[in-house]
Amino acid sequence: FFFGTAKMSTGRIEAALCGAFCGACAALAVAYLLQSRQESRNIACAFTQDARERLPRKIILVRHGESEANADHSLWRTKADHRIELTDKGSAQAINAGKRIKKIIGDMSVSLYVSPFARTLQTARNLREAFEENIVHTHVEPRVREQEFGNLQGDDFKNYRGEQLQLGRFFYRFPTGESGADVYARVKQWWDNTLLPLNHRNDAEPVDAIVVVTHGLTMRLILMQLYGWSPQTFETVWNAGNCDIYVLEKDLEAHGKTPYRSPYVLDPTQGDQPMSSIELMVHFKDGSEKQMLLKDYLSIPAPRTRQHTTVCKMLGDQHSIDPSDIDRIDYSCGKFKKYK
């Protein structure tokens, strides 16, 4: 009896020791995995930080100079969009834009991206004269071309343009052409896959700045993907003027560190600023309502539709009304009234 009990106790001890050993091994394995995971995170963070630090210091967006179709809106009927050239005024604008860019970049090295349309190629030809010695690479990039309006004849463009104004430029797709959303997709793909990794390529010299000669809509969509604008916010932004320049300055401390954004902010001291406005339906406490235009919509911090006090104050300043009289604001201007 005693021998059996001793034997049983020894078995229990062996089992306990085995369990303890297995537990220790499991604990060591977990600790190793946690350490490995942390090391992997540290490596990923270090890689991400290095990638951000290698980014060009400036990205400069330039709209083409005045084109033949900007001066004569009927030209769309008889001349293919990609063949439309600059006017004499547009050529002069491009030369002046080049001088502005030279002052901004100084002796920085530059990579130049150009839409393949005639008016953008001519704009690039003229503006690059001011900083030719800075240019390291020149890329003719189809993904930053103008929106494709399709094979339109006669008054088709005028008629479809009217439909576009009703539906919005982002979602409306021209027959056999593109919508703004289509342009957004290719611009985003170019930005993420070509522009951001530029200074990581082994076959190209890193640069300090990138200059992009493109089109007004394309410039707006570049800013849209950069700042995460909603389609509604995009529709409030005006087209850039001919040879307007938007200067994006790298700021590693700036907000927008999520994976789909880049550390660049618009610098109003060096370049032009995009203008914006939105039509609002303003409901007053006395029961009346009035459609009102709010200017400088982009200046409102996001989320803009939640900044009631700021918007009321801006409406008061712009329309000489008492902000305290405002009850609520309909940012869709009545479009979604039936769903309330």
Check your understanding: Counting only residues that are more than 30 Å from the chain's Cα centre (by Cα) and either under 14 Å from residue 279 (Cβ atoms) or small (Gly, Ala, Ser) (or both), which one in the stretch 302-340 is most open to solvent (accessible area, probe 1.4 Å)?
Key -> 320
Exercise for review: Identify the residue in the stretch 207-226 that is over 18 Å from residue 101 (Cβ atoms) and either out of contact with any strand residue (DSSP E or B) (no Cβ under 9 Å at 6 or more places or on another chain) or among the charged types (D, E, K, R) (or both) and, among all such residues, is surrounded by the fewest Cβ atoms within 10 Å (Cβ to Cβ).
Suggested key: 225
Exercise for review: Could you grab me the full set of residues in the stretch 203-229 that are at pLDDT 95 or above and among the acidic types (Asp, Glu)?
Suggested key: 208
Exercise for review: Determine, yes or no, whether residue 252 is outside any helix (DSSP H, G or I) and of a type outside the set (Val, Ile, Thr).
Suggested key: yes
Exercise for review: Starting from the stretch 201-219, take each residue that is under 22 Å from residue 145 (Cβ atoms) and in contact (Cβ under 8 Å) with a residue 12 or more places away in the chain and list its partners that are outside any loop (DSSP other than H, G, I, E, B) and aromatic (Phe, Trp, Tyr), counting only C-beta distances under 8 angstrom and pairs at least six apart or across chains.
Suggested key: 210/113; 211/113; 212/113; 213/113; 214/113; 219/246
Review point. Of the residues 232, 164, which is open to solvent by less than 30 Å² (accessible area, probe 1.4 Å), part of a helix (DSSP H, G or I) and modelled with pLDDT under 95?
Key: 164
Check your understanding: Looking only at residues in the stretch 53-92 that are in contact with a Gly (Cβ under 9 Å, 6 or more places away or on another chain), open to solvent by 10 Å² or more (accessible area, probe 1.4 Å) and part of a loop (DSSP other than H, G, I, E, B), which one is nearest to residue 274 (Cα to Cα)?
Key -> 66
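Mind telling me which of the residues 174, 170 ends up being of a type in the set (Phe, Trp, Tyr), open to solvent by less than 30 Å² (accessible area, probe 1.4 Å) and within 20 Å of residue 83 (Cβ to Cβ)? If you could, list the steps in order and put the result at the bottom.
On the way: 170 fails: within 20 Å of residue 83 (Cβ to Cβ).
On inspection, the qualifying residue turns out to be 174.
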Point to revise | Some residue of the stretch 8-23 being open to solvent by 100 Å² or more (accessible area, probe 1.4 Å), modelled with pLDDT under 80, under 30 Å from residue 254 (Cα atoms) and over 25 Å from the mean Cα position of the chain (by Cα) | key: no
Practice item. Pull up the stretch 267-301, narrow it to residues that are open to solvent by 50 Å² or more (accessible area, probe 1.4 Å) and under 18 Å from the mean Cα position of the chain (by Cα), then point me to the one that is nearest to residue 250 (Cα to Cα). Key: 268
Check your understanding: Is there any pair with a first residue in the stretch 160-181 that is under 18 Å from residue 229 (Cα atoms) and a second that is of a type in the set (Ser, Thr, Tyr) and not in a loop (DSSP other than H, G, I, E, B) whose Cβ atoms are under 8 Å apart and which are 6 or more apart or on different chains, and what are they?
Key -> 170/184
Check your understanding: Any idea which residue in the stretch 93-123 is most open to solvent (accessible area, probe 1.4 Å), counting only those that are over 17 Å from residue 271 (Cβ atoms) and β-branched (Val, Ile, Thr)?
Key -> 95
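Could you identify the single residue in 159, 126 that is open to solvent by 30 Å² or more (accessible area, probe 1.4 Å) and over 16 Å from residue 56 (Cα atoms)? Outline the logic, then answer.
Numbers: 126 fails: open to solvent by 30 Å² or more (accessible area, probe 1.4 Å).
None of the others qualify; the one that does is 159.
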Check your understanding: Among strands (runs of 3 or more DSSP E) lying entirely in the stretch 260-340, which contain 1 or more residues that are out of contact with any Leu (no Cβ under 8 Å at 6 or more places or on another chain)?
Key -> 277-284, 289-295, 326-330
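The values are calculated or read from the model by the stated rules, or taken from the named source; none is laboratory data. What you see is a predicted model; the values in this text were computed from it and never measured. Using ideal geometry, Cβ is built from the backbone for each residue, glycine included, and neighbour counts are taken over all protein chains shown. Side chains included, ligands, DNA and RNA excluded: accessible areas come from the protein's heavy atoms. Shrake-Rupley method; radii C 1.70, N 1.55, O 1.52, S 1.80 Å.
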